[in-house]
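Have a look at the structure below, then the notes.
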2 protein chains.
Amino acid sequence: MQTSAHDQYFRSDDHNHARCRREAVATAATLCAQRGARLTPLRRQVLELVWARHAPVLAYDLLDQLRARQRRAAPPTVYRALDFLLEQGLIHRIESMNAYVGCVDPFVEHAGQFLICNRCRSVAELDDAEIGEAVKAQATAAGFQVMRPTVEIRGICSACAR
Amino acid sequence: MQTSAHDQYFRSDDHNHARCRREAVATAATLCAQRGARLTPLRRQVLELVWARHAPVLAYDLLDQLRARQRRAAPPTVYRALDFLLEQGLIHRIESMNAYVGCVDPFVEHAGQFLICNRCRSVAELDDAEIGEAVKAQATAAGFQVMRPTVEIRGICSACAR
DNA sequence: TCATGTTATGTTATATTATAACATTGGAGG
DNA sequence: CCTCCAATGTTATAATATAACATAACATGA
C-alpha cells in the first residue's frame, strides 16, 4: 500500500476502519473504567455509531440509527449519550456543522483543531502547538483567559482535490 | 479616560458605541454603493440591530426587535438580511453561538478570529497573521485547501476577570 | 411612460437541532 | 434485600433555519 505525507492527517479510503473503531471503543472502555465512569451499552453504541467514519455525524442521524437497531430512542437519548462522551473527551463537537466526531487522542484533554473537507466531510484532527501558541499569544495580549478554543478549518482535502 | 493595552481588543464599557454603529452603517453604505449591492432599509435596519453591541446577536432576537419596531417580519425576513450582510462581509457568523456580530473591518474579505467572553458576551475580532499562518502551515502539510477557517476562542475577558 | 424582467420582501408551512420536565428502571453499596 | 443515585424512557416544547410560492418594488430599455 502506498503512503504519502498527507496520510498522517486524513485516512486513506482503504485504511482498516473497523480497527479504528474497535480500538477507539476499547480505549474508551479502559479510560472510563479508570475514571469510574460508566460506559453503558447505550453510550458504547452511540460511540460506535459516531465512529462509523472519520467524519462528523448528526445527532438525529444517530437517533435514526439507534431506532433502526431496535432501540427505543428519543432525542434526549442521543443528546445525553453525546453529553457523556463529550465530558469524557471521547468525542468532539464540530460547531460549524452541529455534528460530532470521535476523538483520536482521548487520553489527554484537549479542544482539538479540525480540518474538515466540504466534499467528503472527512475530518483530520490536529493538536498543533503553533496554532495553540499563536492563539494563546493573542489571548494574553488581550488579557483574555481562554476556556474553550474552537478551530474548525473547512475546505477541500487532498483526495477530493485530485 | 484611562486606557490600557487591552483596549485595542475589547472596547471599554464607556466607549462611544453610538459612533461605532454609525460608522459601521456608513461604511456599509459606501461599500455597497461601490459594489452595486443594495443596502435596503430592511438590511440597514438589521445591520444596525446587529451593531447594538460588540457582541453576537441571535437571529430570533433580531426578529423580535424588528417586530417591536412595527415591521412585518418572519424568520426569512431576518435570515435573508443576514445572508446578504454575510455575503457582503459586513457581519460574521459566530458558529459556536449561532449568532451574528458586526465586522470591524469590512473593506477586505477575511474570516476573522474571535475572542468571546462567556460572561459579558463581548467579542474582540482579530485577524492575526500568526494564527493564520500556523493554520495555513498545517493545511499545507495535509494537502488541504482552506476555504473557510473558523476560529472562535471562548473564555473570560479582562474586564469580567477583574 | 410603461412594459418587462429581476431582485427583494411577504407569507405560510415545515425542517432541523436541542432541551425541559417528570416518570421509570436498574445498578452499586450499605 | 433496601435504598439511593445514576441512567434511561417519555412527552412536550423551545430554538434555529429553510422551502416554496406570492407579491411588491425597482431598474432599465423600448
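Observations
- Scanning the range A:115-130 for residues that are out of contact with any helix residue (DSSP H, G or I) (no Cβ under 9 Å at 6 or more places or on another chain) and under 11 Å from A:A55 (Cβ atoms) yields one hit, A:V123.
- Summed over the range A:14-54, the residues that are away from DNA strand C (no atom under 14 Å from the Cβ), among the small types (G, A, S) and not in a helix (DSSP H, G or I) give a count of 1.
So that you can scan it fast, the table gives a plain yes or no per residue for (1) open to solvent by less than 70 Å² (accessible area, probe 1.4 Å); (2) in contact with a His (Cβ under 8 Å, 6 or more places away or on another chain); (3) within 14 Å of chain A (Cβ to nearest Cβ); (4) within 13 Å of DNA strand D (Cβ to nearest atom):
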residue: B:A24; (1), (2), (3), (4): yes, no, no, no
residue: B:A37; (1), (2), (3), (4): yes, no, no, yes
residue: B:L47; (1), (2), (3), (4): yes, no, no, no
residue: B:H54; (1), (2), (3), (4): yes, yes, yes, no
residue: B:V57; (1), (2), (3), (4): yes, no, no, yes
residue: B:Y60; (1), (2), (3), (4): no, no, no, yes
residue: B:Q70; (1), (2), (3), (4): no, no, no, no
residue: B:P76; (1), (2), (3), (4): yes, no, no, yes
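- Residue list for the range B:100-155, filter: among the β-branched types (V, I, T), open to solvent by 30 Å² or more (accessible area, probe 1.4 Å) and facing chain A (nearest Cβ under 8 Å): B:V146
- Of the residues making up the range B:23-71, those that are β-branched (V, I, T) and under 15 Å from the mean Cα position of the chain (by Cα) are B:V25, B:T27, B:V46, B:V50, B:V57.
- All told, A:H6 meets the bar of being modelled with pLDDT under 95 and assigned to a helix (DSSP H, G or I).
- Condition met for B:A74 (under 19 Å from B:A24 (Cα atoms) and hydrophobic (A, V, I, L, M, F, W, C)): no
- Entry remark, the range A:79-100: residues being more than 9 Å from DNA strand D (Cβ to nearest atom), among the hydrophobic types (A, V, I, L, M, F, W, C) and within 19 Å of A:C32 (Cα to Cα) number 5 in total.
The values are calculated or read from the model by the stated rules, or taken from the named source; none is laboratory data. Owing to the predicted nature of the structure, the values given are computational and were not obtained by experimental measurement. Virtual Cβ from ideal backbone geometry, glycine too; neighbours counted across all protein chains shown. Heavy atoms of the whole protein, side chains included, go into the accessibility calculation; ligands, DNA and RNA do not. Shrake-Rupley method; radii C 1.70, N 1.55, O 1.52, S 1.80 Å.
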